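Take a look at the structure set out below.
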Amino acid sequence: MDIDEQHIGEPGLVVLDVIAADEETVAVVMEGLQRLWATSGVTPVWRVPGQAGVRARVYADIRRHPDHDA
């Protein structure tokens, strides 16, 4: 998956790829990130053939707490 310039175009914007043994673990991690920062939310999980685990991606703005307006 490509990362678009808009996702990291300024300080404080990050793209995090989460890799875990199972979908439940990925969901727990992503929900925890949502409590810390403004994020894209829990995204679909996918597998890469021949590689262990499941993967998901989250886009976050670490400058903003999720309780703040966009």
Matching residues in segment 1-34 - criterion: being under 20 Å from Arg64 (Cβ atoms) and at pLDDT below 85: Ile3, Asp4, Glu5, Gln6, His7, Ile8, Gly9
Unmet requirement for Pro66, which otherwise passes all of (1) part of a loop (DSSP other than H, G, I, E, B); (2) modelled with pLDDT of 95 or more: (2)
Filtered residue count, segment 27-41, keeping only those that are of a type outside the set (A, V, I, L, M, F, W, C) and in contact with a Gly (Cβ under 8 Å, 6 or more places away or on another chain): 1
Filter pass, Arg55 being basic (Lys, Arg) and under 22 Å from Ile8 (Cβ atoms): yes
Conditions (1) at pLDDT below 95; (2) within 14 Å of the chain's Cα centre (by Cα); (3) surrounded by 10 or more Cβ atoms within 10 Å (Cβ to Cβ): number failed by Val54: (1)
Filtered residues of segment 18-51 (kept if touching a Pro at 6+ places or on another chain (Cβ under 8 Å) and either of a type outside the set (A, V, I, L, M) or buried (at least 16 other Cβ atoms within 10 Å of the Cβ) (or both)): Gln34, Arg35, Trp37, Ala38, Thr39
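Can you spot a residue in segment 35-49 that is part of a helix (DSSP H, G or I) and either at pLDDT below 90 or under 13 Å from the mean Cα position of the chain (by Cα) (or both)?
yes
The values are calculated or read from the model by the stated rules, or taken from the named source; none is laboratory data. Note that the coordinates shown come from a computational prediction; the quantities given were computed from them, not determined experimentally. In this analysis, Cβ positions are derived from the backbone assuming ideal geometry, glycine residues included, and neighbour counts consider all displayed protein chains.
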